[in-house]
Amino acid sequence: MYQAYPRYKIILRRALVTLIGVLALPVMLFRKDRARFYSYLHRVWCKTSTRPVWLAQTESAGGVFW
């Protein structure tokens, strides 16, 4: 059903997220929506397959919330 991304694609995504996060830091320090921006970067960092990030996090949490 869901396909895992190859290792090189995961490493490339994470390297780009790190680079974008560091380059955006001086600008984002003065913006009020920086939490939303870094939340988006965190979702990109966590994505390792075609499965939606929210679904993967919900399944890994198990019965924590109910």
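The values are calculated or read from the model by the stated rules, or taken from the named source; none is laboratory data. In this text the structure is predicted, and so the values were computed from the model without any measurement. Quick reminder, even Gly has a Cβ in these numbers, built from the backbone with ideal geometry, and neighbours come from all protein chains shown. Quick note on the areas: whole protein, heavy atoms, side chains included, nothing else; ligands and nucleic acids left out. Shrake-Rupley method; radii C 1.70, N 1.55, O 1.52, S 1.80 Å.
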Residue in the range 35-46 that is open to solvent by 100 Å² or more (accessible area, probe 1.4 Å) and in contact (Cβ under 8 Å) with a residue 40 or more places away in the chain present: no
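For residues in the range 47-58 being among the hydroxyl-bearing types (Ser, Thr, Tyr) and not in a helix (DSSP H, G or I), which is least open to solvent (accessible area, probe 1.4 Å)? Give the derivation first.
Just the residues of the range 47-58 that are among the hydroxyl-bearing types (Ser, Thr, Tyr), to begin with: 48-50, 58.
Still in the list and also not in a helix (DSSP H, G or I): 48-50.
On the way: Thr48: 56, Ser49: 23, Thr50: 67 Å².
Filtering first and then ranking leaves Ser49.
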task: Go through the range 1-34 and give me each residue that's exposed (fewer than 12 other Cβ atoms within 10 Å of the Cβ) and in a helix (DSSP H, G or I).
output: Arg7, Tyr8, Ile11, Ala15, Leu19, Val22, Leu23, Leu25, Pro26, Val27
query: Within the range 16-40, can you find the residues that are hydrophobic (A, V, I, L, M, F, W, C) and more than 17 Å from Tyr5 (Cβ to Cβ)?
result: Leu19, Ile20, Val22, Leu23, Ala24, Leu25, Val27, Met28, Leu29, Phe30, Ala35, Phe37
